[in-house]
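Q: Please read through the structure below; I'll follow up with questions.
The values are calculated or read from the model by the stated rules, or taken from the named source; none is laboratory data. Just so you know, these numbers come straight off a predicted model, no measurement behind them. Using ideal geometry, Cβ is built from the backbone for each residue, glycine included, and neighbour counts are taken over all protein chains shown.
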Amino acid sequence: MTGGTDVTESSLSCVKCGKPAHLQCPKCVELKLPREGASFCTQDCFKASWSSHKAVHLKAKLSSIGSNTPWESGIASPSDGWLYCLRKGQSRTAQMPHFDWTGPLRPYPISKKRVVPAGIELPDWAVDGIPKIEPASDLQHVVEIKSAEKIARMRETNRIAREVLDAAARVVRPGVTTDEIDAVVHEATIAAGAYPSPLNYHFFPKSCCTSVNEVICHGIPDARKLEDGDIVNVDISLYYKGVHGDLNETFFVGNVDEASQQLVKCTYECLEKAIAIVKPGVRFREIGEIINRHATMSGLSVVKSYCGHGIGDLFHCAPNIPHYARNKAVGVMKAGQTFTIEPMINAGVWRDRMWPDGWTAVTADGKRSAQFEHTLLVTETGAEVLTARLPTSPKVFPWLN
């Protein structure tokens, strides 16, 4: 709090220490929240309470999203920012775009771009949407062997990414919008002092990707409420201390049918089986063979249009990690390399189509898709999963309980 609002009621007590309070959080005043939970005796007490107190603001924002919203009556209003996305995030429209939709899902309006506070280190696309270092880097062709110092930063960044994904997992339930999930991700990321890597990356408009049902990847968080029986993938990437972390998981929303449960479980197993072969000397192309074998044995298909990737100083770089069989990935694994494996497995055909927003990839036949992702470090003897689940991670997958 850089400045306080005087509180005239002498009966109010400081949230931190219980002493008589004379100041009130300006943000609480703006949101018209009760004074009882927003009063402080001094600036020092406010600063000491900030990390927990700011959750009150987020809760108020999320609850306000849930009622009397423009999309519930089929109206998207430019005045409140809720508009449909076009041109990879570079433009908006008040009308739903025309498209030959492949499944039941439809896009909904999206909210305004979220703000990143001053003091957080920004990637070079944060302001204008255009990555500058990444496309021309030699690391698009050479797989970096990272120093011990950089590996330490990667461990820290990816642990934060895991904690952010866990925060998102805790709010997934019927009735919650994917925009609300994005708000939780955004707030948790900046609270850790990190930048949400997807935000404005090639103009992507949100802080995470939320891919529901037939969406394969890169779904844009919007005003649609999750429904009982949905599955939703939440993909988290963040930038901290000069390096990126990346992971995703597919969650069940309420009571999910048996076929969808098996799809998600098989996709999880595909990733686990691929990680199990990672060690120095293994060819990158073998990952796809392992994943494809397990998926096809379950009658499922593997997406070919999107692959895993190297990660570190750059969000995406060499090596490419295809997830399908008979791929042409070059190179072998060496200790000190970091990359993602992120299989996308479809219930029907492997082919995909792109929605008019330029980001949302969906299955060509409208059937469901699932995905899981980890960031890995190749060690001398195998693999270290930098985004591994923590003891505090929510127990959302029945097969792990």
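Q: Take the residues in segment 129-164 that are in contact with a helix residue (DSSP H, G or I) (Cβ under 9 Å, 6 or more places away or on another chain) and assigned to a loop (DSSP other than H, G, I, E, B), then tell me which one is surrounded by the most Cβ atoms within 10 Å (Cβ to Cβ).
A: Result: E144.
Q: In segment 229-263, how many residues are out of contact with any Lys or Arg (no Cβ under 7 Å at 6 or more places or on another chain) and either surrounded by 23 or more Cβ atoms within 10 Å (Cβ to Cβ) or part of a strand (DSSP E or B) (or both)?
A: Residues flagged as out of contact with any Lys or Arg (no Cβ under 7 Å at 6 or more places or on another chain) and either surrounded by 23 or more Cβ atoms within 10 Å (Cβ to Cβ) or part of a strand (DSSP E or B) (or both) within segment 229-263 amount to 17.
Q: Of the residues in segment 176-202, how many are acidic (D, E) and in a loop (DSSP other than H, G, I, E, B)?
A: 0
Q: Would you please list the contacts, defined by Cβ atoms under 6 Å and residues six or more apart or on different chains, that run from a residue in segment 185-212 that is within 29 Å of L263 (Cβ to Cβ) and assigned by TED's automatic domain parsing to the domain that holds P174 to a residue that is acidic (D, E) and assigned to a loop (DSSP other than H, G, I, E, B)?
A: V212/D230
Q: Restricted to segment 32-53, and to residues that are of a type in the set (S, T, N, Q) and part of a helix (DSSP H, G or I), which residue is farthest from A188 (Cα to Cα)?
A: That would be Q43.
Q: Are any residues in segment 312-348 of a type in the set (G, A, S) and either touching a Leu at 6+ places or on another chain (Cβ under 7 Å) or outside any loop (DSSP other than H, G, I, E, B) (or both), and if so, which ones?
A: Those that are of a type in the set (G, A, S) and either touching a Leu at 6+ places or on another chain (Cβ under 7 Å) or outside any loop (DSSP other than H, G, I, E, B) (or both): A318, A347.
Q: Quick check on S211: is it closer than 18 Å to T157 by Cβ, surrounded by 24 or more Cβ atoms within 10 Å (Cβ to Cβ), among the hydroxyl-bearing types (S, T, Y) and within 11 Å of the chain's Cα centre (by Cα)? Don't jump to the end; show me each part of the working.
A: Working: closer than 18 Å to T157 by Cβ: no; surrounded by 24 or more Cβ atoms within 10 Å (Cβ to Cβ): yes; among the hydroxyl-bearing types (S, T, Y): yes; within 11 Å of the chain's Cα centre (by Cα): yes.
The answer is no for S211.
Q: If we keep just the residues of segment 360-401 that are assigned to a strand (DSSP E or B) and more than 22 Å from the chain's Cα centre (by Cα), which is surrounded by the fewest Cβ atoms within 10 Å (Cβ to Cβ)?
A: Top of the filtered list is A383.
Q: Another question about this same structure. Does any residue of segment 113-120 turn out to be in a helix (DSSP H, G or I) and either touching a helix residue (DSSP H, G or I) at 6+ places or on another chain (Cβ under 7 Å) or over 14 Å from G245 (Cα atoms) (or both)? Don't jump to the end; show me each part of the working.
A: We begin by selecting, within segment 113-120, every residue in a helix (DSSP H, G or I); these are none.
No.
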